[in-house]
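The values are calculated or read from the model by the stated rules, or taken from the named source; none is laboratory data. Since the model is a prediction, treat every value here as computed from it, not as a measurement. Side chains are part of the model used for accessible areas, which takes the heavy atoms of the whole protein and leaves out ligands, DNA and RNA. Shrake-Rupley method; radii C 1.70, N 1.55, O 1.52, S 1.80 Å.
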Amino acid sequence: MVETGTGISVRYFAAAADAAGCTKETLDLPVDAPLGRVKSALVAKYGADMEKVLSVAAFLVDSELTRDLTRTAGHQVDVLPPFAGG
């Protein structure tokens, strides 16, 4: 069954949190929206800084790390930019 409710919880980490100016929010998008639509909404809302972060970020959806923008977002998406090690 395809879920069609609205409200995708997005959590931001590291540079993504800096670009958004927050660590979490809820987007008014259907939970069956693809990640590409989530990405477009974030770029439209936050501009060039977020676009730069998202160009190298991965997404955590249902405990699975992905860069597949056709994947369904679901209820929660974590935006994970590359983390510096050391």
quick note, the chain, DSSP beta bridge pairs, % antiparallel (nearest 5) is 75 percent
A 1.4 Å probe over the protein heavy atoms gives the chain a carbon and sulfur accessible-area percentage of 52 percent
Mind pulling the angle between the C-alpha long axis of helix 35-46 and the longest principal axis of the chain? Nearest 10 degrees, somewhere in 0 to 90.
-> 50 degrees
Average accessible surface area per residue within the chain, 1.4 Å rolling probe, Å² | 58 Å²
Take the alpha carbon atoms of the chain, find their radius of gyration, then divide it by 2.2 N^0.38 Å using N residues; give the quotient.
-> 1.01
